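**Student:** Structure provided below as structure tokens; questions to follow.
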């Protein structure tokens, strides 16, 4: 760990303001209001009797870590929450941050136990290291490392079930080419169990119908930063209401920090701050629209896309009630508490609401000219148009088209919905450029019920559109381009259930198998893998609690 520690560089701690009421020891684990400051120093609560479940060789290589590091006692201690094992200049305290909650562009404070919004933030997430590794700045954060002042009465822990889901999903999304946080490691306690509500096997209840005890776990997630739109909202709200004497200054600090951590390579530092913030807004818009379009490309649904689950850096953050759509359904929503506003096809609209809150927070800064404020408003109002253009390019890529054809796309999506089609398998089979319907049957849940005439008419028009593009691509080139954006494998929930169920009994082999398969999602793999993972959802899995839907995964 000494080589890791030597690269530590805590820009957040050194440039932002700590909570003035925080303790010097980091023993700050009871729910309380945090009135000011950008972070609270907190001592993690180590997992008892920890054991390593998995780590990411891919991310280790990107960070410059040797794979042998994962097997050392110091690594296990630090990433199970014992920072006393951290060598200098690593710090022995982590930090938690506060943020506001907005749901679809509306501020909420009632989920804060104090009804003020001052108790909402990282309840069980603690960043423990920031540094520059292989030329890039990264922040490492433990999820499930115990209570913080923002825990709202919770225990601050995460169970193995949710930790396995997040660990595998992050690296899968990275392999899919979707902007995302990353997974460093997953550690489980061999002696501590945590009680959570969950589903009886075979239950078709919307909500969990029993209490279960699952092993406690800590996953370490890694990102360029963990800045959220909700953080900007919090400091903007305090500045607007002048809640304390430093409120306006703290807003400016967090905005400058966002530029430094996420966008400095795009925004010249010699520009005056107002112009930098305009460029920040435009750059965030571009990243946000790109991220959501990539979600749509691979069939991912965030489930709970609030402002506090929206990263300022424009990457996927917080894998809670997420899911990968199998049966194509524009209204797909894996979270029973999320409502249709966070459903699959509504994600672009949810993104627009988060961008609205971002713009509202940025324009609270008091140094803008009237013309600059108008520019921010223009960017905000133009978001839907940019989102539509970005999505159009995704549909073109999935269909192998060199030019936009919205009517062809609409006809296809209607047919897919009426036919009951597996989203991933359909587009992968289409990537072979079939001129008959038979190859697509692998994706149909009820092939005999298919309207062959409508489908053949669409196929004929699609082949015509490919030819009408008039480019010089060969069929082989078009097929390969489509396969590069239409994955063969996605992380299906019925794959995850046996993985985390067996892991709770001490058998982690299926986790490693899924990790190996899902980090190569575009490759055709060996026959046994094809049979097990390139398959439609079993009919008897539809409607199952914890498989087709969940209220949480905690």
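Every number in this text was worked out from the coordinates using simple rules, so none of it is lab data. None of the values given here were measured: they were computed from a predicted structure. With ideal geometry, Cβ positions are generated from the backbone for all residues, glycine too; neighbour counts draw on all protein chains shown.
**Student:** Quick one: work out the % antiparallel among DSSP beta bridges in the chain, nearest 5. Working shown, then result.
**Tutor:** Numbers: 47 of 51 bridges.
If I count the DSSP bridges inside the chain, around 90 percent turn out antiparallel.
**Student:** Additional query: Once the Cα gyration tensor of the range 403-472 is diagonalised, what are the square roots of 5 times its eigenvalues, in whole Å and ordered largest first, as equivalent ellipsoid semi-axes? List each step's numbers first, then the result.
**Tutor:** On the way: eigenvalues 86, 32, 25 Å².
Equivalent ellipsoid semi-axes, largest first: 21, 13, 11 Å.
**Student:** May I pose another question? Shape verdict for the range 13-118, please, from the Cα gyration tensor: rounded (a/c under 1.5), prolate (a/b greater than b/c) or oblate. Mind dumping the intermediate values first?
**Tutor:** On the way: a/c = 2.23, a/b = 1.77, b/c = 1.26.
The shape class here is prolate.
**Student:** Sort 55-68, 346-359 by the packing proxy (mean of other Cβ within 10 Å over each peptide's residues), most packed first.
**Tutor:** Values: 55-68: 16.3, 346-359: 22.0.
The densest-packed peptide leads the list: 346-359, 55-68.
**Student:** Based on alpha-carbon centroids, what's the gap between the range 425-473 and the range 496-554 in Å, whole number please?
**Tutor:** Comparing the Cα centres of the range 425-473 and the range 496-554, I get a distance of 28 Å.
**Student:** Which angle from 0 to 90°, rounded to the nearest 10, does the C-alpha axis of helix 509-518 make with the longest principal axis of the chain?
**Tutor:** 70
**Student:** Can you give me the Rg/Rh ratio for the range 352-502, using Cα atoms for both radii and the Kirkwood formula for Rh? Display every interim value, and only then the final one.
**Tutor:** On the way: Rg = 20.9 Å, Rh = 18.5 Å.
We get a ratio of 1.13 for the range 352-502.
**Student:** Among 134-140, 147-153, how do they line up from the highest to the lowest mean number of other beta-carbon atoms within 10 Å?
**Tutor:** Details: 134-140: 15.9, 147-153: 21.9.
Ranking, from highest mean packing down: 147-153, 134-140.
**Student:** Between the range 177-253 and the range 277-351, how many Å separate their Cα centres?
**Tutor:** Spelled out, the Cα-based centre of one part sits 16 Å from the other.
**Student:** Report, in degrees rounded to the nearest 10, the 0 to 90 angle that the Cα long axis of helix 160-176 makes with the longest principal axis of the chain.
**Tutor:** 60
**Student:** Run through all the Cα pairs of the range 231-393 and give the fraction in each 10 Å bin from 0, expressed as whole percent.
**Tutor:** Computed distribution, short to long bins: 10, 37, 33, 16, 4, 0.
**Student:** Take every Cα pair under 8 Å in the chain that's 6+ residues apart, average their separations, divide by the length, and report that relative contact order as a whole percent.
**Tutor:** Details: 1090 pairs, mean separation 81.5, N = 554.
Normalised by residue count, the contact order of the chain is 15 percent.
**Student:** Tell me whether the range 74-211 comes out rounded, prolate or oblate; compute the Cα gyration tensor, take square roots of the eigenvalues as a ≥ b ≥ c, and use a/c under 1.5 as the rounded threshold.
**Tutor:** Working: a/c = 1.44, a/b = 1.24, b/c = 1.16.
Taking the square roots of the gyration eigenvalues as a ≥ b ≥ c, the range 74-211 is rounded.
**Student:** Of 295, 441, how do they rank once you tally other Cβ atoms within 10 Å and put the fewest first? Don't skip to the end; give the middle numbers.
**Tutor:** Details: 295 26, 441 12.
By the 10 Å Cβ count, ascending: 441, 295.
**Student:** Still on this structure, please answer the following. Output the 0 to 90 degree angle, nearest 10, between the alpha-carbon long axis of helix 347-362 and the longest principal axis computed from the alpha carbons of the chain.
**Tutor:** For 347-362 against the chain, the angle is about 30 degrees.
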